[in-house]
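The values are calculated or read from the model by the stated rules, or taken from the named source; none is laboratory data. Here the structure is a predicted model, which is why all the values come from computation and not from measurement. These area figures cover heavy atoms from the full protein model, side chains too; ligands, DNA and RNA do not enter into them. Shrake-Rupley method; radii C 1.70, N 1.55, O 1.52, S 1.80 Å.
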Amino acid sequence: MMSLTMFLLGFLRSFKAALSSISPLVFLSFARIISTWGVDYQVLFPFLCTNYRYYYLLISVIHYNTYTGV
């Protein structure tokens, strides 16, 4: 019973530390959502589609450098 209590206390401490470390990120995310709610804010789909060649090139170069040792 003592080990379960110690485990729970340790878990709660680490959970509280994790929440306090990510709280600014969560706050900024919600602030961004609220601030862009009424604006026609979107990432254009054609912009992402035209850049697929760049991502394939980047992946292929990384893959080539990893396996050839260049």
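Anything in region 36-65 that is open to solvent by less than 100 Å² (accessible area, probe 1.4 Å), among the polar types (S, T, N, Q) and modelled with pLDDT under 80? List them, or say none.
THR36, THR50, ASN51
Taking the condition open to solvent by 90 Å² or more (accessible area, probe 1.4 Å), of a type outside the set (Val, Ile, Thr), at pLDDT 75 or above and under 19 Å from the mean Cα position of the chain (by Cα), does PHE30 pass?
Taking the combined requirement at face value, the residue satisfies it.
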